[in-house]
Amino acid sequence: MDVLKQIEDVKRQAKEALAKVKNSQELEQFRIQYLGTKGALKDLMSLLGKVAKEMKPQVGQTLNALKNEITAEFEQRKSQLGGAQEVGPQIDLTEPGKRPAIGNEHILVRVTNELTELFGRMGFSTAAGPEVEDEFHNFVALNIPKSHPARDPLDNFYLAPAGEAGRFEDVPEGKAMLLRTQTSTVQIRVMEKQQPPIRVVIPGRVYRPDTHDATHLSMFHQLEALVVDKGVTMVDLKSTVMQFVQAYFGKDTKARFRPSFFPFTEPSAEVDVWFEDKGRWIELGGCGMVHPNVLSACNIDPEIYTGWAFGFGIERIAMRKYGIDDIRLFVENDVRFLGQF
Ligand code: DAH
């Protein structure tokens, strides 16, 4: 009787275990545990030899019935789970995840932010102006007369003039529209709105019909600076530029001022920074003392106020800072380049 009770127990356990099976892996575990060569049913079979002779037929039949019943239920479950080849999800949830590729700031955005932040610490606020400009802000107010070669249609992206005739000759002086060629336009826009003291930097995009090569693009960026106040001199300009150069590129960085000419500054200079990697000077851009005509055009009295300004190429600055030797890399959008910064 003892043995029959044991068989009943195994039967109940097997049915409970089978009911809990959720996938093929668990089903295989079940098979090993109950139907395998070392399984629970085999154990019961071995008891058969030990029972009293007169009990043997009954115990034998009960065991056979149990084996058939469990095997049938096992087969049924197996077909429900979609066959033996199904092994459940092949995911190891303890594996570290794959990092999704997230982008980063474009190197020019980063450099621009570094520059405005650096000048911010030197007391400069940041201003902006439109990229589609009129000739007044791009030329006239900057003391660049009609006859100046910088106003040649071939050197500018003029926009089709409004009006019936659609001829540049018919557009009143200063009213023709173009993509700005310099951020100096925003000097004018700032001074139109604000009387001195002025201390501002202006990062922005500019456009020129240039043939693209390692150092030229038809669209690039400039950082303009303008300081207007009483008693401002060339010393302030030079010391601010040197301070910037050494703060941004390193305190031993060499820079030089070369005499130059711009219609909107007098005197004017160009600033070069020593490019150690290349063993040569790299030109950052122009600067100078704001021309009295420019102050007057903005209703600022040049007898009372003086000012200085500069306009540096942001790509040039980025190239010098990060050792980039081809300006075209900034606009090719090759992630192997962009991802380095
Ligand atoms: N606007 C000039 C250019 O694009 C650069 C420049 C020169 C800006 C002298 C200035 C300046 O503010 O003072 O070539």
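A compact table of results
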quantity: Whole-number percent relative contact order across the stretch 2-87, with pairs defined as alpha carbons under 8 Å at least 6 apart; calculated: 41 percent
quantity: GNM top mover of ILE70, ILE102, ILE198 - the chain, alpha-carbon springs below 10 Å; calculated: ILE70
quantity: Loop-located chymotrypsin sites (Phe, Trp or Tyr not before Pro) in the stretch 151-257 whose Cβ has at most 10 other Cβ within 10 Å (DSSP); calculated: none
quantity: C-alpha long axis of helix 234-249 to longest principal axis of the chain, angle in °; calculated: 20 degrees
quantity: Solution diffusion estimate, µm²/s, Stokes-Einstein, the stretch 122-203, Kirkwood Rh from C-alpha pairs, 20 °C, viscosity 1.002 mPa s; calculated: 156 µm²/s
quantity: Signed unit charges on C-beta, dipole axis of the stretch 219-309, positive-most listed residue ILE282, CYS298, LEU226; calculated: ILE282
quantity: All aspartates and glutamates inside 13 Å of LYS146 as judged from Cα atoms, apart from same-chain residues fewer than 8 positions distant; calculated: GLU135, GLU169, GLU173
quantity: Solvent exposure of the chain as accessible area per residue, Å², 1.4 Å probe; calculated: 57 Å²
quantity: For the stretch 57-65, Karplus couplings with θ = phi - 60° (6.51, -1.76, 1.60), whole Hz, Gly/Pro x; calculated: x, 5, 5, x, 5, 4, 4, 4, 4
quantity: Partner aspartates and glutamates for LYS278 [C-alpha distance under 20 Å; skip if fewer than 8 residues away on the same chain]; calculated: ASP213, ASP252, GLU270, GLU315, ASP325, ASP326
quantity: Whole-Hz couplings from phi, Karplus 6.51/-1.76/1.60, listed for the stretch 170-183; x for Gly and Pro; calculated: 8, 7, x, 3, x, 9, 4, 9, 8, 6, 4, 9, 7, 7
quantity: For the stretch 110-189 versus the stretch 296-341, the gap between their alpha-carbon centres in whole angstrom; calculated: 16 Å
quantity: Highest-fluctuation residue, LEU217, LEU237, LEU93 considered, GNM on the chain with Cα pairs under 10 Å; calculated: LEU93
quantity: Hits among lysines - C-alpha to C-alpha of LYS42 under 26 Å, sequence gap 8 or more where chains match; calculated: LYS5, LYS11, LYS15, LYS20, LYS22, LYS50, LYS53, LYS56, LYS67, LYS78
quantity: Theoretical gain in end-to-end length, ASP170 to GLU117 [0.36 nm per residue, Cα-Cα removed]; calculated: 14.7 nm
quantity: Under Karplus coefficients 6.51, -1.76 and 1.60, residue-wise ³J(HN,Hα) of the stretch 31-43 in Hz, glycine/proline x; calculated: 4, 4, 5, 10, 9, x, 5, 10, x, 4, 5, 4, 4
quantity: 5 Å binning of all Cα-Cα separations within the stretch 1-65, expressed as whole percents from 0 upward; calculated: 4, 17, 27, 22, 14, 9, 5, 2, 0
quantity: Sparsely packed trypsin sites (Lys or Arg not before Pro) within the stretch 90-196, loop by DSSP, other Cβ within 10 Å at most 10; calculated: LYS98, LYS146, ARG167
quantity: Kirkwood-type radius of the chain, with distances r between different C-alpha atoms, in Å; calculated: 26.7 Å
quantity: Percent accessible area from carbon and sulfur atoms, the chain, protein chains only, probe 1.4 Å; calculated: 53 percent
quantity: Gaussian network model of the chain, Cα within-10 Å springs - most flexible of GLU135, GLU54, GLU169; calculated: GLU54
quantity: Sites matching trypsin sites (Lys or Arg not before Pro) across the stretch 252-308 that sit in DSSP coil, with at most 16 neighbouring C-beta atoms within 10 Å; calculated: LYS254, LYS278
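The values are calculated or read from the model by the stated rules, or taken from the named source; none is laboratory data. This structure is a prediction, so every number in the text was calculated from the model and none was measured. Cβ atoms come from the backbone with ideal geometry, glycine included; neighbour counts cover every protein chain shown. Ligands, DNA and RNA are excluded from the accessible area calculation, which covers all protein heavy atoms including side chains. Shrake-Rupley method; radii C 1.70, N 1.55, O 1.52, S 1.80 Å.
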